[in-house]
Every structure is written in C-alpha cells, then in structure tokens.
Amino acid sequence: MTAAPPSPSLHPGLASLLDRVGDRQRQDFGHVVSDVKADGSLITACDRWSDEALVRGLAELYPGDGVLSEEGERRVPTTRGYWVVDPLDGTTNFASGIPYWAISLARFEDGRPVLAVLDVPPLRQRIVAVRGQGAWRNGKPLLPPSRQDPTSSCASLCSRSIGVLQKLPDRRFPGKIRLLGVASLNLVSVAMGQTVAALEATPKIWDLAAAWLVLTELGCPVRWLQTSPERLVPGADLSTADFPVLVADRPETLERFLPWGEALLMDEPA
C-alpha cells in the first residue's frame with residue numbers, strides 16, 4: 001500500500017496570520033453590522049479588517065509578491081508570484097448569524113494557483129492544497145472523490161444559478177439541491193465528497209482561486225462555462241469579471257449535469 005503524502009507545513013508566519021484573522025472573525029460573529037456594496041452584496045467592518053490584515057501580513061511575509069483581494073486591489077499583479085485573497089467568503093451568512101464562512105487564499109505563479117488555503121473558522125478546519133502534491137484537511141490527506149463510493153446525491157447551486165431549474169422545466173434535476181451560501185465552499189464540497197456537483201453562476205477570481213486548486217489536485221473535472229481564469233493578464237481589472245463554472249466528482253457526473261451548466265448561459269425569455 002502506498003503511503004499517504006505528508007501534510008505540507010505552512011510557513012509559520014502564514015499559519016499564525018490565518019489563526020489571528022480566524023480568531024477575530026469568531027469573536028466578531030454575531031456582533032456585526034453590515035453595509036451594502038455597489039454590487040448589492042454585503043460587507044462588514046470585519047471584512048475590511050480581515051482584508052487589511054491579510055494583505056499587510058502577506059506583504060510582510062512575501063515582500064516580492066503582489067496581492068489581489070476582494071476588498072482591495074482587484075487588478076492582476078504584474079509580479080511572477082502573487083496572492084488572491086477573499087478575506088471572508090460568505091459575508092451574508094456571517095452577517096445573518098449563520099456559522100458557515102471561509103477565508104480563501106491562493107498563491108499564483110505564472111498565472112496558475114500553486115498553493116491554496118481555505119480556512120473555515122466556525123468549524124476550525126483548514127484545507128490546504130499544493131500543486132502536484134495533493135490536498136489535506138487539518139493535516140489529513142483527502143482522497144479524490146472518484147476513488148470513493150459516492151455517499152451523496154446532493155448538488156450545490158449558488159443563488160444566481162438556481163434559475164437554471166426554470167430553463168429546463170421538462171427535465172428533472174439530477175440531484176438534491178443545496179445552497180450553502182459560500183462560493184469557495186460550494187465548489188470544495190465536491191472535492192470533499194459532500195456533494196457530487198456544484199454550479200456557480202458569477203464567481204469572481206477571489207471566490208474560486210483556492211477551491212480551483214483543491215479540485216484540480218483531487219482529480220475533479222472543472223468546466224469553465226464562458227471565460228477561463230487559466231490565462232489571467234497581468235494588470236487586468238477583475239472587479240466585474242465572472243467565471244461561471246461547473247465542477248463534479250467524476251467525468252460521468254459532469255456530463256450528467258452539463259445541460260444545466262449550459263442552461264446557465266441561455267438568454268432569458270423575452
């Protein structure tokens with residue numbers, strides 16, 4: 001039997017930074033007031049503090065790397081290595097008192113993620129993926145879902161993709177629907193074996209960067225439905241760029257759900 005690869009050790013400073021931000025988020029949970037951003041999404045003071053802490057901390061730990069973050073600079077850095085940060089993915093859950101959100105970090109080199117960290121503060125879980133080496137949860141290796149017997153019949157949709165059910169009214173959706181309210185965790189739920197497929201209608205690069213590498217390392221097929229983030233252009237403004245995506249636990253599942261992925265891009269009836 002082949003031994004499982006050892007869990008990678010995060011830079012001590014990076015682990016400490018994530019611990020500090022996660023601790024602050026748990027302390028603020030249930031005691032926040034939210035504002036509405038221009039795009040209609042929510043933001044809290046904790047989002048802003050978390051973004052500033054992570055961006056500042058990454059600049060100190062990796063002074064040669066640029067940083068793209070949801071609440072800060074949204075242009076693709078021109079440095080060879082850079083970080084993509086979502087300081088609090090699932091703000092609506094967080095602000096509504098629903099204990100399910102994530103901190104998402106991914107380091108890119110030559111336009112592709114090479115290190116991903118998804119921290120889930122309310123569950124005290126940390127998912128780490130390293131390009132070419134695999135993925136781990138709290139130090140234990142994750143197995144590709146295709147190598148396990150399916151234990152779920154659930155599929156994750158985002159609130160903006162639920163409309164595909166009306167576009168194919170004569171076809172039965174091939175799964176029980178779950179809306180988790182956290183884009184990164186919607187996608188990673190497939191890699192974890194919690195769902196068999198996930199469809200995201202309008203994810204931004206900071207929503208999907210870390211989940212993308214986890215999925216790739218665990219052999220989950222990823223279908224970009226319109227625009228691929230695989231060739232990000234240095235200096236490009238990604239403030240409004242969406243990357244609709246369908247992911248699945250294995251190729252045959254992807255094919256089964258693909259009609260709904262394609263329906264996502266269908267024009268609305270007049």
Response to the item:
Once the in-chain neighbours fewer than 8 apart are removed, the aspartates and glutamates whose Cα is under 18 Å from Lys140 read Asp119, Glu217
Worksheet item: If you look at just the Cα atoms of region 156-270, how large are its Rg and its Dmax in Å?
Response: 13.6, 44
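With N denoting the number of residues in region 31-159, provide Rg(C-alpha) divided by 2.2 N^0.38 Å, to two decimal places.
1.17
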Fill in: Listed peptides 175-185, 220-230, 205-215 by packing density, highest first (mean Cβ within 10 Å)
205-215, 175-185, 220-230
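Where a number appears in this text, it was derived from the coordinates with a stated rule and is not lab data. In this text the structure is predicted, and so the values were computed from the model without any measurement. Neighbour counts are summed over all protein chains in view; Cβ atoms, including those assigned to glycine, are modelled from backbone coordinates with ideal geometry.
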